[in-house]
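Since the structure comes first, as structure tokens, the remarks are kept for the end.
Taken together, the values in this text are just the output of simple stated rules run on the coordinates, not laboratory data. Values in this document were obtained by computation on a predicted structure and should not be read as measured data. Every residue, glycine as well, gets a Cβ built from its backbone with ideal geometry; the counts of neighbours run over all protein chains shown.
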């Protein structure tokens, strides 16, 4: 999961891109990058770390131009280092920089195609570089005297035919403008906005609407499945929907965890969806244990607060803030490596003993993935003096790998894989474990937009809307499990020492 932003403006665009990336920082904390277009030259700076650490004033000063794109990275594949920071760049044709959110599922076939047929070389393991080279090759096949929007859309249509999986991408095409496109199922989010500048209309494309809000852009709409939009250097907006488009199937985990609550994703308020998740959980608790002995509801900050509030209200029990969060620690779920996740839980959260002492506590979190954080939190609650510790997840058990850009690659790393709820409860050390039912989660999200008939729920249901080729899940485990990543890091360190 990554965050992307593209702006075609009337003045210097780098400061706005920087501000947008700080707003999208929750989508990726591994690396950041900005590419701008100044005349016929693409200026690019990127590196590992948070946005504030990657860009110094002197580097921002070099990012001149009124058109540009930005990216924050959350690693799912490849190496966890600066070589895979985005945007990626190729100099032919025209010069193209691209940032990508999602994951391609036919990378092995595409890599071979690019080498054998397209005569293109890949320098990293990143599927984003792969996507960029497919786009570049298809653009190169369009050989008009002047590249027009229709030629760009023809190239993107070919990308849809060749690239499988989930992808929202933004590309900066030297001498032409900004291109944004969303995969045929619309799994990964992408929105379009505009604002009236002093010299004319300006457009922006982003992962979430909140980035547009902060920059003063008006949300026009979400990109449709299989839609591409192109904004020329003259400020003209063009759009095209491919014949490859499918039924809109957005990722439901955006509403559970990834998106900010103040965002709209496919016309659904993330905030209201999370409120409804809490209400559904309350109904389940009342249904299963009408005589429950819960004294207090305590959320795990920050994403679960929205669900915990209506849950406490509907149960008619107290809501309290029992954990204080260290704002300077990143989101533990998206941290690379189990050892780092375990260490960061204690650094990230501290319990207020008074809220736990001699009470039956219901702790609410948005999800339970590996179980690392949940187990530690339950232990912290007991150490703070809780009599009983109940634990509620606003989403169902995560039992299956996610192949669309979320770091859930290996079933053995998921606490719910191969276990029933009683076994998970015992593994976590909770006195009672309550999971959201999948139909209730779907209803909670779908109430915001009744036109959406289905969501990608693959990590809960094991049903992959794009299909999965034989051997792909095994290949994914080999490439993206914590064990595989650790092996690559050790190899990289050894090579550096030599």
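Below are the figures for this structure:
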quantity	calculated
Within the chain, helix-based [θ] at 222 nm, where runs of 4 or more DSSP H residues each add -39,500 (n - 2.57), nearest 500	-10000 deg cm²/dmol
Protection proxy ranking of 263-270, 107-114 - average other beta-carbon atoms within 10 Å, highest first	263-270, 107-114
Degrees, to the nearest 10: 127-140 long Cα axis against longest axis of the chain	30 degrees
FRET E, pair residue 454, residue 353, Förster distance 35 Å, beta-carbon r, rounded to 0.05	0.20
Sorted peptide list for 396-407, 117-128, criterion being average Cβ within 10 angstrom, highest first	396-407, 117-128
Förster-model FRET efficiency, 51 Å R0, residue 143 and residue 288, C-beta, rounded to 0.05	0.20
For peptides 154-162, 184-192, sequence by mean Cβ density within 10 Å, most packed first	184-192, 154-162
Per principal axis, descending, Cα span of segment 269-455 in whole Å	46, 39, 33
For q = 0.13, 0.17 Å⁻¹, Debye-computed log10 I/I(0) when each Cα of segment 3-246 counts as one equal scatterer	-0.70, -1.29
Net lengthening on full extension, residue 214/residue 431 (0.36 nm per residue, minus Cα-Cα)	73.8 nm
Dimensionless Rg over Rh [segment 112-217; C-alpha; Kirkwood]	1.01
Angle between the chain longest axis and helix 149-162 axis [Cα atoms, degrees, rounded to 10]	50 degrees
Angle in degrees between helix 107-116 and the longest Cα principal axis of the chain, rounded to the nearest 10	20 degrees
Potential lengthening between residue 92 and residue 53 on full extension [0.36 nm per residue; Cα-Cα distance subtracted]	11.0 nm
Förster radius 56 Å - calculated FRET efficiency between residue 236 and residue 83 (Cβ-Cβ, nearest 0.05)	0.95
Where labels lie 7 Å past Cα in the beta-carbon direction, separation of residue 116 and residue 196 in nm	5.6 nm
